[in-house]
Amino acid sequence: MNTFGTVFRLTCWGESHGRALGALIDGCPPGLELSESDIQKELDRRRPGQHIGSSPRQENDRCEILSGVFEGKTTGMPISVLVRNTDVQSKDYESLKNIYRPSHADLTYQLKYGIRDYRGGGRSSGRETVARVIGGAIAKKILAQQKIQIIGFSREIGGQFFEHVDFSYIKKNPLRMADKKNYKKALQILKQAKEGKDSLGGVAEIHVQNPSAGLGSPVFGKLESDLARACLSVGSVKGFEIGEGFALSRMNGSEANDSFLNSSSKSVLKDFKDQSFLTQRNANGGILGGISTGEDIWFRVAVKPPSSIGQSQETIDSSGKKVKIKIEGRYDTIILPRVIPVLESMTALVLVDHLLLHRAQCGN
Ligand SMILES: Cc1cc2nc3c(=O)[nH]c(=O)nc-3n(C[C@H](O)[C@H](O)[C@H](O)COP(=O)(O)O)c2cc1C
């Protein structure tokens, strides 16, 4: 399946070492101001080579809008966007064409299709997420009209939880950490892993600020189930928890319950604009019964360490024989900071789809 969404639909295509990758967005409302620089801004946040743990592959990721925009505005027609692959070194992968790299998608693609483009992981490469970010950039513009903002950051790196959150610090550091105090510590952990030719995973935390109340629907269109599906569709994502998530499962009901606030100065039910005061601690992540409360939506996503490492590893080849491999290509020590813009994009796609679905059923 290469199409995502019900009303606002993203279809994407392309392989890591093919000629280009692209996104087709259908169902975008007309009249939205859109330029290549709006998309480029987001693509630049996803590009490799921005910190010491990042792959040296140097792709410009220059996007070209091919259709659906006229005189700077969307026309309501399909929006097609292309990004060419320019920094491709397929010879790095020649020696791996009959080998299944551990924890990669090589084996399952081969099992299912009987053929695979082994160059750079083909379609299973993180490079496919270029198209998601293109769709997300357009979705973010629609959300911005409603003053809805999505911010993601690295909450954990290599098992180290970073407690302090300063949203303004996230864009000032390439690891996308919100904890300034512990930035140097994170760099140290990363350096150690790199020296040991190893890699690190982490946990991303995503916040949707100022979301509309009422998004999502019972029973199969719950907002959190769509967010989970969206995030888990991203390569290397292995876990999702909404709000206090797994911690809630370890509490008694009396502890887990999050009371509604009866603010004397504001009636929350009448004045849905001041949503941030709805519950005491927003334990359910801004969603109850699958429908957004209007409080900030927040969730965490577990990202595994990149599987391509420089250490020698045991695996099997296509005849089932045991072989040892060492990945010689260009790879990342950590991919979490690059996965964050992708997760933000997937979140934006889900929210816009639900906004349009809500309008269709309930009006504005
Ligand atoms: C933006 C992005 C970049 C990625 N870069 C790498 C990488 O450099 N090395 C690697 O081993 N995996 C990388 N991955 C992860 C693989 O694509 C993924 O682990 C693989 O396809 C197997 O899928 P799974 O881990 O979801 O089961 C990246 C994923 C994303 C989203």
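At a glance:
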| read-out | value |
| --- | --- |
| Förster-model FRET efficiency, 22 Å R0, Phe260 and Leu232, C-beta, rounded to 0.05 | 0.10 |
| Computed helical MRE - 222 nm, the chain, DSSP H runs ≥ 4 contributing -39500 (n - 2.57), nearest 500 | -8000 deg cm²/dmol |
| Most fluctuating residue given options Asp179, Asp44, Asp258, as computed from a GNM of the chain linking Cα atoms under 10 Å | Asp258 |
| GluC sites (Glu not before Pro) lying in DSSP loop within region 93-190, provided at most 11 other Cβ fall within 10 Å | Glu163 |
| Within region 121-168, trypsin sites (Lys or Arg not before Pro) in DSSP loop having at most 10 other beta-carbon neighbours inside 10 Å | Lys147 |
| Theoretical gain in end-to-end length, Glu94 to Asp198 [0.36 nm per residue, Cα-Cα removed] | 35.2 nm |
| Residues of region 92-112 with amide N under 18 Å of the 7 Å Cα→Cβ point at Ser319 | 95-101 |
| Cβ-derived FRET efficiency at R0 30 Å, Gln311 paired with Phe161, nearest 0.05 | 0.70 |
| Estimated FRET transfer efficiency when R0 is 41 angstrom, pair Tyr113-Asn252 (beta carbons, to 0.05) | 0.25 |
| Choice from Asn182, Asn252, Asn284 showing the highest fluctuation, given a GNM over the chain with Cα pairs closer than 10 Å | Asn252 |
| Per-residue HN-Hα couplings for region 228-240 [Karplus 6.51, -1.76, 1.60; θ = phi - 60°; Hz; x = Gly/Pro] | 5, 4, 4, 6, 6, 7, 7, x, 5, 7, 10, x, 8 |
| Relative contact order, percent, region 61-102 [alpha-carbon distance under 8 Å, six or more residues apart] | 35 percent |
| Per-residue HN-Hα couplings for region 244-260 [Karplus 6.51, -1.76, 1.60; θ = phi - 60°; Hz; x = Gly/Pro] | 7, x, 4, 5, 4, 5, 9, 9, 6, x, 5, 7, 6, 4, 10, 5, 6 |
| Solvent exposure of region 3-362 as accessible area per residue, Å², 1.4 Å probe | 48 Å² |
| Percent RCO, i.e. relative contact order, over the chain, from Cα pairs under 8 Å lying at least 6 residues apart | 22 percent |
| Percent carbon-and-sulfur accessible area, region 3-362, ignoring ligands, DNA and RNA, probe 1.4 Å | 52 percent |
| Residues in region 196-222 reached by a label modelled at Ser103 [backbone nitrogen below 12 Å; 7 Å Cα→Cβ] | 198-202 |
| Extended-chain gain in nm, criterion 0.36 nm per residue less alpha-carbon gap, Arg19 and Thr75 | 17.4 nm |
| Debye log10 I(q)/I(0) at q = 0.08, 0.12 Å⁻¹ for region 3-362, Cα point scatterers | -0.42, -0.94 |
| Acute angle (nearest 10 degrees) that the helix 183-195 long axis makes with the longest principal axis of the chain, alpha-carbon atoms | 20 degrees |
| Note, ³J(HN,Hα) from phi for region 93-99, Karplus 6.51, -1.76, 1.60, rounded to Hz, x at Gly and Pro | 9, 3, 5, 9, 5, 10, 10 |
| Folded to 0 to 90 degrees: helix 36-46 orientation relative to the chain principal axis, Cα | 70 degrees |
| Among Glu255, Glu241, Glu205, residue whose mean-square fluctuation peaks in a GNM of the chain (springs only between Cα atoms under 10 Å) | Glu255 |
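The values are calculated or read from the model by the stated rules, or taken from the named source; none is laboratory data. These numbers come from a predicted model, not from an experiment. FYI the Cβ positions are ideal-geometry reconstructions off the backbone, even for glycines, and counts take in every protein chain you see. Heads up: the accessible areas ignore ligands, DNA and RNA and are worked out on the full protein's heavy atoms, side chains in. Shrake-Rupley method; radii C 1.70, N 1.55, O 1.52, S 1.80 Å.
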